[in-house]
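Please read the structure below before turning to the comments.
The values are calculated or read from the model by the stated rules, or taken from the named source; none is laboratory data. Source: prediction; values computed, not measured. In this analysis, Cβ positions are derived from the backbone assuming ideal geometry, glycine residues included, and neighbour counts consider all displayed protein chains.
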Amino acid sequence: MEQLLASLGQNLFVLFGLLAVGAAGVMIFTKSAVHSVIGFLFSMLCVAGCFLALQAEFLGVAQLLVYAGGIVVLFLFVVMLVELTKYQEKGIFQTQAKFAVPLVGAGVLAFAGVFRGILFGPNAGQALVLKLGLEGATEHLGNAQAVSRGLFADFLLPFEILSVILLVALIGAIVLAKSERV
Amino acid sequence: MMPTLTQYLVISLLQIVVVLGFVMTLVPLLTFAERKVIAYVQVRLGATRVAGGLWGAQQGRLHQSRTVTGGLNGLMWFLGRVPVFSILRGLPMFIADALKLLTKEDIVPASADKAVFVLSPALALVAAFTVFAAISFAPGALFVFPKAVPFLGGLPFNGFLTDLNVGLLFILGIASVGVYGIVLGAWASNSKYPLLGGLRSAAQIVSYEVPLTLSLLVPVVLTGSLNFNEMSTRMATDVPANGMVAIGRTLIMFVGFFVYTTCGFAETNRTPFDLAEAETELVAGFHTEYTGMKFSFFFLAEYSSMITVSALASAFFLGGHHLLPFGIQGFVHLSGWWGGPHIIFFLFKIFTLLFVFLWVRATLPRYRYDQLMNVGWKFLIPYTLIMFVIAALLRYAA
């Protein structure tokens, strides 16, 4: 019993990962756009579960807050309010198929190699636990503290540059939306 | 001694059962209390007077000796007249309410999206209940299993489910998933009033999440932690060396309490922010098409998130597991039992705040939609930002 539970705890990552892949499959293959968003939501929740299983609590909860709590809500709003039936008839959602299939195939192969290494490689016996590699971050320092030290002390400049990139994307979106109306 | 993994899981399971049992008992009692409190405040006659069994409401007294039900009715009626037992008045309405919810026909509209229609109440309820995983009802062990108990003897039964390092973020993250229950339920009903109600409440919840989170940043900045237990204990008992800082800390906790509670009312869709259920405009809002147990799932979710909001407000602003609110416990030395943390203090604060929820519902009218958005974006967000800056200054000065 004890060993069974322990091995289950070690493999929670795989469990949540499989669930996430399943939900992502629902997201891609379902016909209705709202169902697709629900699949996306569950996939995001399972990814948060993956992070929690790796003892990266802060990342997991940030995933919950940012993706599940914020971004997917916006997706849902857009999908609910835009009338999709007429687009479905035009088949605009199926246009990317010829590029997508080889790309997805290549991606699957690449990830299969990584997963094979993790699951059956020399280190497969170890529990999947995130290793704190940042300078100054120790085991007993909390997760959130370690991440914030990385973001606001060690890597402050790259972090700020990233936020500028987001700003550029935001301005670009506004410009695109504006030109349509005029 | 350290519990083994199996023991740990068994204890966690017991804790989950206890916490969910507490919530599931509290919610029906809360609806009963809601009827009675509103009836007393607004001088409504029903809920403060209905006595007797389900079968003969008030005239039970006339038949008291003839039949069994008549006798029961008479007994209840008599008990309702005794001041101590007057709490029993209105009880038949409560029982009838519960029976009605359980026995009503479960209707799925013909043009509804069936899978989503079934999924969304579950999503709302799961999100509302999962939050309790990170709420701590008592900082330490509630009791230790006696040695006589097989398998678990000698192990502590904690007042919290998990002592998560990022407990507060976990609560906020899970609570923000609850909005999907409302939006998806509204969309899946495939009817215009639920859709309008759902969009309204989703916009409301998404906008009030901002000041809610910002107002909770004040305790985060003051304590420098995201752990529920550590935050609540340090907010209650920390004494800064500087006297001015201590006073400023108490004041900002006092203001922060009201700001947080206001946002909490909006997050739970309660009066005066219950635009989602504005009867005169939207029939019943997002759950118009829901009946029976599916409806009561939404109902349970709303009331258990009321409990969550009360628990957070009492933990971070009202002193949590300690007796005195607003960090006053740090200055006043209380001796013995009164000075320590106790689950009773925490529960008492939760119940008081739940009463405030009912009190407000009985007193205040509903906001208009533009007023609601004005209050959120033009007042609460700037206020919480100012509070955040003041809290950062206090942290810097301490």
| When you go through B:Gly181, B:Gly198 one by one, which is the residue that is farther than 30 Å from B:Ala236 by Cα, within 11 Å of chain A (Cβ to nearest Cβ), surrounded by 20 or more Cβ atoms within 10 Å (Cβ to Cβ) and not hydroxyl-bearing (Ser, Thr, Tyr)? | B:Gly198
| task | Could you check, for region B:306-329, whether at least one of its residues is in contact (Cβ under 8 Å) with a residue 40 or more places away in the chain, of a type in the set (Val, Ile, Thr), assigned to a loop (DSSP other than H, G, I, E, B) and buried (at least 21 other Cβ atoms within 10 Å of the Cβ)? | result | no
| task | Determine if region B:194-208 includes at least one residue that is modelled with pLDDT of 85 or more and farther than 25 Å from B:Thr291 by Cα. | result | yes
| note | All conditions in (1) in contact (Cβ under 8 Å) with a residue 40 or more places away in the chain; (2) more than 10 Å from chain A (Cβ to nearest Cβ); (3) over 29 Å from B:Gly197 (Cα atoms); (4) surrounded by 14 or more Cβ atoms within 10 Å (Cβ to Cβ) are true of B:Pro109 except (3)
| field | Wholly enclosed helices (runs of 4 or more DSSP H) of region A:1-72 bearing at least 2 residues away from every other protein chain (no Cβ under 11 Å) | value | A:12-29, A:33-53
| Which condition number in (1) under 22 Å from the mean Cα position of the chain (by Cα); (2) touching a residue at least 24 places away in the same chain (Cβ under 8 Å) is the one that B:Leu385 fails? | (1)
| Among the residues of region B:151-159, is any of a type in the set (Gly, Ala, Ser), more than 9 Å from chain A (Cβ to nearest Cβ) and either under 27 Å from A:Ile38 (Cβ atoms) or buried (at least 19 other Cβ atoms within 10 Å of the Cβ) (or both)? | yes
| task | Could you identify the single residue in A:Tyr67, A:Tyr87 that is over 22 Å from A:Leu8 (Cβ atoms), of a type outside the set (A, V, I, L, M), at pLDDT 85 or above and in the same structural domain as A:Gly9 (by TED's automatic domain parsing)? | result | A:Tyr67
| request: Could you identify the single residue in B:Phe257, B:Phe265, B:Phe273 that is within 27 Å of B:His333 (Cα to Cα) and not hydroxyl-bearing (Ser, Thr, Tyr)? | output: B:Phe257
| task | Taking only region B:217-228 into account, find how many residues are surrounded by fewer than 24 Cβ atoms within 10 Å (Cβ to Cβ), assigned to a helix (DSSP H, G or I) and touching a residue at least 60 places away in the same chain (Cβ under 8 Å). | result | 2
| query | Which pairs do you get when a residue that is closer than 29 Å to B:Thr308 by Cβ, found in region B:239-263, comes within reach of a residue that is polar (S, T, N, Q) and surrounded by 19 or more Cβ atoms within 10 Å (Cβ to Cβ), reach meaning Cβ atoms under 7 angstrom, with the pair 6+ apart or on two chains? | reply | B:Gly256/B:Ser215; B:Val259/B:Ser215; B:Val259/B:Thr384; B:Tyr260/B:Ser215; B:Cys263/B:Ser215
| query | Could we say that B:Leu13 is within 14 Å of chain A (Cβ to nearest Cβ) and at pLDDT 80 or above here? | reply | yes
| Which of the residues spanning region B:163-173 are farther than 17 Å from B:Leu214 by Cα and facing chain A (nearest Cβ under 8 Å)? | B:Leu164, B:Asn165
